[in-house]
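Enquirer: Sharing a structure, written as structure tokens. Questions coming.
The values are calculated or read from the model by the stated rules, or taken from the named source; none is laboratory data. The shown structure was predicted, so the numbers you read here are calculated from the model rather than taken from an experiment. Virtual Cβ from ideal backbone geometry, glycine too; neighbours counted across all protein chains shown.
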Amino acid sequence: MFRMVLYSAIVVFAILISSRVTLAQQAPTVSIQLQIHGQIRYAKTGRPAELILVRLESWDGASAGETTSDRTGRFTFMGLWKALFIVSVRVQGFTEIKQQVDLRTQVSDYVQLQLVPEETSTPIPQPKHAAVIDATIPPAARGEFEKGSEALVSEKNVDKGIRHLEKAVRLYPQYVDALLLIGRAYMDKEDWLKAEAAFRQVLTLNSKASAGYFALGELYLREKKYPDAETNMLSGIHLDLKSVQGHFLLGLLYYELGDLVKAGPQVGTALQLNPKFARGHLLAANILLRAHQTENAVVEFEEYLRLEPKGEFAEQARQSVDSLKHQTP
């Protein structure tokens, strides 16, 4: 038994370290001083756009990370290297945004992005029963979506948020983003059946929506339905190999199952895609701790605290660091 645990510890540690070595080989000029800041606003109203997924790619198309805008619409990518980057935002019902950022001659840059509604003056006619999702979202539905998002994020009022989001879906039944938020809101209320119904509706509308599979996977993980969780997470990753969320969730699943050898590569991949993903470092710390790699666990806990000093799990992480340092000879 001791040999098995020791073997798992060595494998997990090697995987996590190798993922960072790979990243360093790809970007030998990494510097924590190089960063991209930005803000997203709705062009029509000027309001900040929160909970918007922002992707960053290097000029050759390789993923350099992904993050989500906060309640003020702001986002940050840190730990970058001297290169050309592409910041991209894709939201249903709005024109896709792609903006080039050149960090070859500067250490940081600030970009302002505006979500502009897609043109609806000359819609392309579709067959009545075509399996195509209409990207034209009525202004009233979009308004209800924004109110629902604000209620969830700013006001922390889940019931109010659900009411607005469900109204948005009544106005526009194909509103995938609204359905995803509805499902997450019901997950927060631990109303598993309604959450599952919302996520399944997303996949009915778009069978290639990786976010729907990841959401279902997370739901089943919270319900401890591990086989169903794994199936959906793998389906999502198959559609989006560069998803930080997907690899993180799959790593969390294997961690909960006690399979450290499988958990390690998934967390390592998530951190390779986004080295500044705080929760990834927190999970890596717990994996290493369970594998009895105490000193390396401390390093990961401290990296989490550096990235999120006031994060949800900051106090527990500090206590773990203090305790582990006292145990280390």
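Enquirer: Based on this model, can you work out whether GLU150 counts as in a helix (DSSP H, G or I), of a type outside the set (Ser, Thr, Tyr), closer than 26 Å to PRO275 by Cβ and over 16 Å from the mean Cα position of the chain (by Cα)?
Expert: Considered against the rule, which asks whether it is in a helix (DSSP H, G or I), of a type outside the set (Ser, Thr, Tyr), closer than 26 Å to PRO275 by Cβ and over 16 Å from the mean Cα position of the chain (by Cα), GLU150 comes out as no.
Enquirer: Filter the range 185-195 down to the residues that are within 19 Å of the chain's Cα centre (by Cα) and either more than 15 Å from ASN232 (Cβ to Cβ) or surrounded by fewer than 19 Cβ atoms within 10 Å (Cβ to Cβ) (or both) and list them by number. Spell out the reasoning first.
Expert: To start, the set of residues in the range 185-195 that are within 19 Å of the chain's Cα centre (by Cα) comprises 185-188, 195.
If the condition is that a residue be within 19 Å of the chain's Cα centre (by Cα) and either more than 15 Å from ASN232 (Cβ to Cβ) or surrounded by fewer than 19 Cβ atoms within 10 Å (Cβ to Cβ) (or both), then ALA185, TYR186, ASP188 are the ones that fit.
Enquirer: Would you mind finding the one in PHE301, PHE248 that is aromatic (Phe, Trp, Tyr), out of contact with any strand residue (DSSP E or B) (no Cβ under 7 Å at 6 or more places or on another chain) and either farther than 27 Å from ALA211 by Cα or in the same structural domain as SER63 (by TED's automatic domain parsing) (or both)?
Expert: The match here is PHE301.
Enquirer: Continuing with this model, one more query. Does the range 153-164 hold any residues that are part of a helix (DSSP H, G or I) and within 19 Å of ASP70 (Cα to Cα), and which are they? Don't jump to the end; show me each part of the working.
Expert: First, the residues of the range 153-164 that are part of a helix (DSSP H, G or I): 153, 158-164.
Within the range 153-164, VAL153, VAL158, GLY161 qualify.
Enquirer: Condition test on GLU144, is it within 17 Å of ARG71 (Cα to Cα), free of Cβ contacts under 8 Å to residues at least 60 places away in the same chain and of a type outside the set (Ser, Thr, Tyr)?
Expert: Numbers: within 17 Å of ARG71 (Cα to Cα): yes; free of Cβ contacts under 8 Å to residues at least 60 places away in the same chain: yes; of a type outside the set (Ser, Thr, Tyr): yes.
So GLU144 fits the description; yes.
Enquirer: Could I ask something else about it? Can you list the helices (runs of 4 or more DSSP H) lying wholly within the range 271-329 that have 1 or more residues being closer than 18 Å to TYR255 by Cβ and under 20 Å from the mean Cα position of the chain (by Cα)? Walk me through how you get there before you give the answer.
Expert: Working: elements: 278-290, 294-307, 314-327.
Answer list for the range 271-329: 278-290, 294-307.
Enquirer: Does LEU203 qualify as being surrounded by 19 or more Cβ atoms within 10 Å (Cβ to Cβ) and either among the basic types (Lys, Arg) or over 19 Å from LEU152 (Cα atoms) (or both)? Show your work before the answer.
Expert: Numbers: surrounded by 19 or more Cβ atoms within 10 Å (Cβ to Cβ): yes; either among the basic types (Lys, Arg) or over 19 Å from LEU152 (Cα atoms) (or both): yes.
It is true that LEU203 is surrounded by 19 or more Cβ atoms within 10 Å (Cβ to Cβ) and either among the basic types (Lys, Arg) or over 19 Å from LEU152 (Cα atoms) (or both).
Enquirer: Specify the residue that is surrounded by the fewest Cβ atoms within 10 Å (Cβ to Cβ); the eligible residues are those in the range 236-269 that are hydroxyl-bearing (Ser, Thr, Tyr) and over 16 Å from the mean Cα position of the chain (by Cα). Explain how you work it out, then say what you get.
Expert: To start, the set of residues in the range 236-269 that are hydroxyl-bearing (Ser, Thr, Tyr) comprises 243, 254-255, 269.
Next, from what is left, pick out any that are over 16 Å from the mean Cα position of the chain (by Cα): 254-255.
On the way: TYR254: 22, TYR255: 20.
Applying the filter and picking the extreme gives TYR255.
Enquirer: Same structure again: Quick check: anything in the range 297-318 over 26 Å from GLY65 (Cα atoms), of a type in the set (S, T, N, Q) and surrounded by 15 or more Cβ atoms within 10 Å (Cβ to Cβ)?
Expert: First, the residues of the range 297-318 that are over 26 Å from GLY65 (Cα atoms): 315-316, 318.
This time we only want the ones that are of a type in the set (S, T, N, Q), so: 316.
Add one more test, that the residue is surrounded by 15 or more Cβ atoms within 10 Å (Cβ to Cβ), and what stays is none.
No - not one qualifying residue is present in the range 297-318.
Enquirer: Which residues, taken from the range 279-290, are aliphatic (A, V, I, L, M) and buried (at least 20 other Cβ atoms within 10 Å of the Cβ)? Before you say what the answer is, go through the steps one by one.
Expert: Within the range 279-290, the subset aliphatic (A, V, I, L, M) is 282-285, 287-289.
The answer is LEU282, LEU283, ALA284, ALA285, ILE287, LEU288.
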